[in-house]
Amino acid sequence: MSDHQDSQSVGSNAGTNPMERSDSSASTSPSVNNEPILHQPIPTRPRLPSRKSSGSMVVPRDSSAAGPADLRLDPDNVRAMSPRRTSEDIDKMGKEAREELRRREFLDVMVVATLQESLVSIFNRIEAVREEHDKLDNNNKFLQKYIGDLMSTTKITASGSRGSK
């Protein structure tokens, strides 16, 4: 058996139905030509039918196809049942929207003022704590210096009293 014949028997359907799959016993049994068939290839999907081109979307300016379409709706159509607003309705809606905006602006101004007051009080508290910290830090440094001076004085007097004994 040549390599050319092996590749043909493996890659081709070898005269069988492409939808049939070989099982393990068929793959080891010799074929009519005394060549072992390893397995049948997986069948391919049928090709989808091709679609026609939709053509050019460009319409000449003078064409009757250009422009708004005349839309006639049945009375049962949902778009025909949508509410129609008059100019009075639109003016009323605009007035309500402006009043709501003014009300929200007033509330926003009140919220901003409250937040600014709380920010000022927090800032004042931070300044008070910083001043207290600086005061305590200075007192701490003074006490450390005082204790250091006492320790050095104690060492001097202790060494002087041992020598006199």
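Kindly give Rg over Rh for region 90-159, based on alpha-carbon atoms, with the Kirkwood expression for the hydrodynamic radius.
Value, to two decimals: 1.70.
Compare the Cα positions of THR154, ASN124, ASN138 along the charge dipole of region 90-159 (+1 at Cβ of Lys, Arg; -1 at Cβ of Asp, Glu; about the Cα centre) and return the one farthest towards the positive end.
THR154
Assuming R0 = 30 Å, what is the FRET efficiency of LYS141 and GLN116, from their Cβ-Cβ distance, to the nearest 0.05?
So, using R0 = 30 Å, E works out to roughly 0.20.
Report the extension gain between HIS39 and ARG72 in nm, rounded to one decimal, defined as 0.36 nm multiplied by the number of residues separating them, less their alpha carbon distance.
Stretched out fully, the HIS39 to ARG72 stretch lengthens by 5.6 nm.
Return the distance in nm (one decimal) between the two label points of a simple spin-label model at ARG51 and ILE126, each offset 7 Å from Cα along Cα→Cβ.
6.3 nm
Read the figures in this text as sums done on the coordinates, not as results from a lab. Computed from a predicted model, the values in this text were never measured in an experiment. So basically every Cβ, Gly included, is an ideal-geometry build from the backbone, and we count neighbours across all protein chains shown.
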